[in-house]
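This report refers to the structure that appears directly beneath it.
The values are calculated or read from the model by the stated rules, or taken from the named source; none is laboratory data. For clarity, every value in this text was computed on a predicted model and none was experimentally measured. Reconstructed Cβ throughout: ideal geometry from the backbone, glycine too, with neighbour counts over all protein chains shown.
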Amino acid sequence: MSESVKAAVAEAPLRGLFSARYADYWRLWSVGLVVFIVRWLETIAVAVFVYERTDSAFLVAMMTMLRLVPMGLLGAFLGAWAERIERRWTLIAVVALMGSISLVLGVLAQTGHLEVWHLGVASFVNGLGWATDNPVRRVMIGDSVGPERMGSAMSLDIGASNASRMFGPTLAGLLLVHAGIAGAFWFSVVLYLGALYAAWSVRYRNAESRPAGSTLARIKEGLRLVRGDPRLVGTLLVTVIVNLFTWPFTSMIPVIGRDQLGLGPEGVGVLASMDGVGAFLGAALLAFLARPAWYGRIYCWGTLIYTVMVTVFALMTDPVISGATLICTGMAQSGFAAMQTTLVYLAAPPEMKSRILGVLSVCIGTAPIGFLWVGLLADAFGADWATAITGVVGLLAMLLTWRWWRTI
């Protein structure tokens, strides 16, 4: 790429993404948007259903935790495996699987046979699909737009995720009130049909390869690369901290909304969506304004502010102020989320991107420990104090590990 073209990209990171050349990117973006909306819609619907059935904040946290277990257990293997496959067909299969799960749950709910354990199993199976997102769909995004536009493309993809955090919880609240939990699952099925069409329309193809060495040998090679690159070490360390001590607070929003703020299902849905409002605004700003030279600062400072705002939210007692705090929380979180995959993708060698993004999935997969921790704290001290404690511990963890992540 010439210096003039590089300068043009740097000055206008979004320019060109809306051309027909990048049609595949928008198809992949659409698939992500649907998956994100359904994830939040079902997370809130399941949380309300489980809490009403069991009155246990711990079990509410466990439903979200089960969605993340596959990342920690299988993320590295999925990353190594993704190097051998044709990613488009894998994406189609994953969307079809998750749509089938929502269909089964809708039938169970409609016939009055839905139980909490059904939701636990479904959460785990959906987690398998979620664990493929980084090494499959997001590698496809990077390959479709090229490294020069990866930051903007990922900001828009994170923007879709954040938009889903606005609409998903609100839709969940409305559907629970007017159509019950069965309605939430039927709506998910309709959305998945749209995502399946978008995935089928993708023109992207990658040649199936047979990398040398066994899966375990290639995973070890990827881990050696991570250990030898300070940028990757710092980026992945911050990812672990956020997933252990910051992100799990989202499972407590429905509990805090009901018990501390006195909200009903619709109010809980609106409250939970405020985090997404802020995150969407933050991601939109990043897509238009962020430059490659700023990526590391955005990532680190966004994480620091995110951990502080989680604790602030836990201490609020007014629904309006709580919602405003969640908007600030979401804006800070968008800096972390948009830059996380971007920094790892840009630092990884081309032939190892799926593998290294699989390692990123493992780091994200540490979140079940965080959800377990916050769930136990909530049962012992209440959801508000559990959220405050985990936010403070997350900030301390960031400060104590400064020597590693400052290299970003």
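Just checking, which of LEU73, LEU105 is surrounded by 23 or more Cβ atoms within 10 Å (Cβ to Cβ), at negative phi and not acidic (Asp, Glu)? Being surrounded by 23 or more Cβ atoms within 10 Å (Cβ to Cβ), at negative phi and not acidic (Asp, Glu) holds for just one of LEU73, LEU105, which is LEU105. Among residues that are at pLDDT 85 or above, among the small types (Gly, Ala, Ser), crowded, with 19+ Cβ neighbours inside 10 Å and part of a helix (DSSP H, G or I), GLY32 is included.
Quick check on GLY120: is it closer than 19 Å to ALA182 by Cα, within 21 Å of the chain's Cα centre (by Cα), among the small types (Gly, Ala, Ser) and surrounded by fewer than 23 Cβ atoms within 10 Å (Cβ to Cβ)?
Working: closer than 19 Å to ALA182 by Cα: yes; within 21 Å of the chain's Cα centre (by Cα): yes; among the small types (Gly, Ala, Ser): yes; surrounded by fewer than 23 Cβ atoms within 10 Å (Cβ to Cβ): yes.
Judged against the criteria, GLY120 is a match.
VAL359 passes every criterion in (1) buried (at least 20 other Cβ atoms within 10 Å of the Cβ); (2) modelled with pLDDT of 85 or more apart from (2). Restricting the range 76-91 to residues that are modelled with pLDDT under 75 and more than 16 Å from ALA348 (Cα to Cα), the residue that is surrounded by the most Cβ atoms within 10 Å (Cβ to Cβ) is LEU78. Based on this model, can you work out whether ALA131 counts as under 27 Å from LEU360 (Cβ atoms), buried (at least 20 other Cβ atoms within 10 Å of the Cβ) and without any contact (Cβ under 8 Å) to a residue 40 or more places away in the chain? For ALA131, the condition - under 27 Å from LEU360 (Cβ atoms), buried (at least 20 other Cβ atoms within 10 Å of the Cβ) and without any contact (Cβ under 8 Å) to a residue 40 or more places away in the chain - is not met. Given the structure, is PHE280 under 17 Å from ALA383 (Cβ atoms) and modelled with pLDDT of 80 or more? Spelling it out, it is not the case that PHE280 is under 17 Å from ALA383 (Cβ atoms) and modelled with pLDDT of 80 or more.
Listed by position, the helices (runs of 4 or more DSSP H) enclosed by the range 218-323 that each have at least 1 residues that are among the small types (Gly, Ala, Ser) and under 25 Å from THR401 (Cβ atoms) are 230-245, 265-289, 295-314.
Test LEU68 against the criterion of being buried (at least 24 other Cβ atoms within 10 Å of the Cβ), part of a helix (DSSP H, G or I) and at pLDDT below 80, and give yes or no. When the stated conditions are applied, LEU68 passes them.
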